[in-house]
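Since the structure comes first, as structure tokens, the remarks are kept for the end.
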Amino acid sequence: MIETQGLTKTFKSGVEAVKGVDITVEPGQIVGFLGPNGAGKSTTMRMLTTLLAPTSGSAKVAGRDLLADPAGVRRRIGYVSQSGGVNLAAPPAGDLVLQAMLYGMDRGRARERVAEVLALLELTGMEHLPGGALSGGQRRRFDLAFGLLHRPPLLFLDEPTTGLDPQSRAHLWDHIRALRADHGMTVFLTTHYLDEADALCDRLLIIDGGRIVAEGSPAELKAGGRTLDDVFLDITGRSLREEVPA
Amino acid sequence: MIGSAARDTWLLFRHGLAVTLQQKFGLVFGAIQPMVFLVLFGPIFATIGTWETLVPGLIVQLGLVSTGMAGFGVVFERRFGVLERLRVTPASRLALLLGRVLNNVVALVVQTVVLVAVGYAFGLRAPAAGLLAGLALVVVLGASLASLSYAVALTIDENLFAPVMSTIVMPLALLSGSFLPMSMAPGWLDVLSRISPFRYVLEALRELFAGHYATGTVGLGVAVTAALAVVSVAVGTRVFSRENA
């Protein structure tokens, strides 16, 4: 579902944010992408979602060539960014229908699909509330709704539960698990929470200094009775707990 | 490809228009400033000039104030993550810009029509053909200003947009000759104002309102307006496509 070879990104400032990353993600997997702040997580994710052009390397994302067919990639991925996507000044209802129509649906089909996704995420009836009146957890589920409208086979989630209370986090985890179980969706997510990575992900990739420095299933990485935090500390020299954004 | 971009532009325009119509007070308040000039300054100006000179000036000022500040909306869209969400859809970058720009142009046209109607009540007498041609020029001018405004909004620090634009807009309005024709200005100011494209747009607009169509001033104004539109939309689209927009 994702296959990258030697993906690099050097910014105009000369900063090499990503230095030859090779990633393989199989269909149906939930893969966690971990790393300290500035390690290259967001840059890699922004490249895979077509928001940033790679400096070199190649990638196939959801069966489309990232460089040759970015529009094809966009049609087949869902993306929930860290900054969300719900307009706080307006109800999400109209934005959801517009978003569905931008994927080619006519208005009638778009409305039906919005209703389906809202029901799936237990948001029915809340779409007419202004974005600013929604709780953090509800807003995050609306963010997810925007990413699911076109039934993408691959979903990118950038820090999906940052800032949520434990109950809302657990609720969102259930939805993410259900997307894989019921719809066969592949999920590629970044997180600062090791318990989240452990509970949700089949595989973990750890990036540091722009390179993938470790990968494996949570069980493989924890071999020898270590915790994921021990593993992260050994590899990066930092505890991920120190990295959790406010 | 073109059909898809046109459809996306239409969808984004219609959505934006629905949102704008829900904010009727924004439209009304946007037109208040030129209306204040029309009502409180117009009668004084009419003692030394004509309404056909003043009203086009107020239209250019309206364009600068209203459409020139259009980028303010996209500042919030970027902050809320709305822009990034849309940039990951298959919608073309041109559509992401033009959908918004068309919405701003419609708002400007409505405000202009109201301004002209009130101007008529005060004594403006422009021929219908001149008004229509002037309105066409306003459409192109509005598209240019909105595109530039979005480009600025997505380029500079979001907190600087409002102070920077409000600082730029008033000198541009004064230099275009919005309030008093630049023919009344001292030589150095007259030269300075020739750097601003809005002077040429405004002079063409005044000619059209006076019923003069096939003149060099109109030709130059139309050419400058068209060139400004091409450059502005190209810059706007480029900024919308850029990595950190």
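Identify, by number, the condition in (1) under 16 Å from A:Phe142 (Cβ atoms); (2) crowded, with 24+ Cβ neighbours inside 10 Å; (3) not β-branched (Val, Ile, Thr) that A:Met101 doesn't meet.
Answer for A:Met101: the failing condition is (1).
Based on what the data block shows, is A:Gly108 in a helix (DSSP H, G or I) and more than 20 Å from the chain's Cα centre (by Cα)? Working first, answer last.
On the way: in a helix (DSSP H, G or I): yes; more than 20 Å from the chain's Cα centre (by Cα): yes.
Taking the combined requirement at face value, the residue satisfies it.
Can you tell me which residue within segment B:14-40, out of those that are within 11 Å of another protein chain (Cβ to nearest Cβ) and assigned to a helix (DSSP H, G or I), is modelled with the lowest pLDDT?
B:Gln22
Of everything in segment A:9-28, what is surrounded by 15 or more Cβ atoms within 10 Å (Cβ to Cβ) and either modelled with pLDDT of 95 or more or among the basic types (Lys, Arg) (or both)? Give them in sequence order.
A:Lys9, A:Lys19
Kindly list the number of the only condition in (1) among the small types (Gly, Ala, Ser); (2) in a helix (DSSP H, G or I); (3) over 22 Å from B:Arg100 (Cβ atoms) that fails for B:Ala6.
Condition not satisfied by B:Ala6: (3).
From the list B:Phe76, B:Phe45, which residue is of a type in the set (Phe, Trp, Tyr) and within 14 Å of chain A (Cβ to nearest Cβ)?
B:Phe76
In segment B:205-245, how many are over 15 Å from the mean Cα position of the chain (by Cα), of a type in the set (Gly, Ala, Ser), more than 30 Å from A:Pro54 (Cβ to Cβ) and in a helix (DSSP H, G or I)?
3
So how many residues does segment B:39-79 have that are among the aliphatic types (A, V, I, L, M) and closer than 18 Å to B:Val138 by Cα?
Number satisfying all stated conditions: 10.
Would you list the strands (runs of 3 or more DSSP E) that sit entirely within segment A:122-217 and hold 1 or more residues that are at pLDDT 85 or above and surrounded by fewer than 16 Cβ atoms within 10 Å (Cβ to Cβ)?
Here the list reads A:211-216.
Name the helices (runs of 4 or more DSSP H) wholly inside segment B:41-152 in which the number of residues that are within 30 Å of B:Thr237 (Cα to Cα), within 19 Å of the chain's Cα centre (by Cα) and not aliphatic (A, V, I, L, M) is 1 or more.
Fully inside segment B:41-152 and qualifying: B:51-62, B:71-80, B:93-122.
What residue, among those in segment A:135-161 that are touching a Phe, Trp or Tyr at 6+ places or on another chain (Cβ under 8 Å), under 19 Å from A:Ala199 (Cα atoms) and not aromatic (Phe, Trp, Tyr), is farthest from the other protein chains (Cβ to nearest Cβ)? Please lay out each step first, then the result.
In the first step, residues of segment A:135-161 are kept if they are touching a Phe, Trp or Tyr at 6+ places or on another chain (Cβ under 8 Å); the result is A:147, A:149-150, A:154-158, A:161.
Subset that is under 19 Å from A:Ala199 (Cα atoms): A:155-158, A:161.
In the following step, the residues that additionally are not aromatic (Phe, Trp, Tyr) were identified as A:155, A:157-158, A:161.
On the way: A:Leu155: 11, A:Leu157: 12, A:Asp158: 10, A:Thr161: 16 Å.
Among residues in segment A:135-161 that are touching a Phe, Trp or Tyr at 6+ places or on another chain (Cβ under 8 Å), under 19 Å from A:Ala199 (Cα atoms) and not aromatic (Phe, Trp, Tyr), the one farthest from the other protein chains (Cβ to nearest Cβ) is A:Thr161.
Restricting attention to segment A:30-56, and to residues there that are farther than 17 Å from A:Glu159 by Cα and crowded, with 19+ Cβ neighbours inside 10 Å, which single residue is nearest to the other protein chains (Cβ to nearest Cβ)?
A:Leu52
Name the residue that is nearest to the other protein chains (Cβ to nearest Cβ), counting only residues in segment A:85-107 that are of a type in the set (Gly, Ala, Ser) and under 20 Å from B:Gly3 (Cβ atoms).
A:Gly104
Condition first: surrounded by fewer than 21 Cβ atoms within 10 Å (Cβ to Cβ), aliphatic (A, V, I, L, M) and within 12 Å of chain B (Cβ to nearest Cβ). Now tell me which residues in segment A:63-84 satisfy that.
Across segment A:63-84, the qualifying residue is only A:Ala71.
Which of (1) within 14 Å of another protein chain (Cβ to nearest Cβ); (2) of a type outside the set (A, V, I, L, M, F, W, C); (3) surrounded by fewer than 19 Cβ atoms within 10 Å (Cβ to Cβ) is the odd one out, the single condition B:Gly99 does not satisfy?
Of the numbered conditions (1) within 14 Å of another protein chain (Cβ to nearest Cβ); (2) of a type outside the set (A, V, I, L, M, F, W, C); (3) surrounded by fewer than 19 Cβ atoms within 10 Å (Cβ to Cβ), the odd one out for B:Gly99 is (3).
If we scan segment B:154-162, do we find a residue that is over 13 Å from the mean Cα position of the chain (by Cα), surrounded by 20 or more Cβ atoms within 10 Å (Cβ to Cβ) and not in a loop (DSSP other than H, G, I, E, B)?
yes
The values are calculated or read from the model by the stated rules, or taken from the named source; none is laboratory data. What you see is a predicted model; the values in this text were computed from it and never measured. FYI the Cβ positions are ideal-geometry reconstructions off the backbone, even for glycines, and counts take in every protein chain you see.
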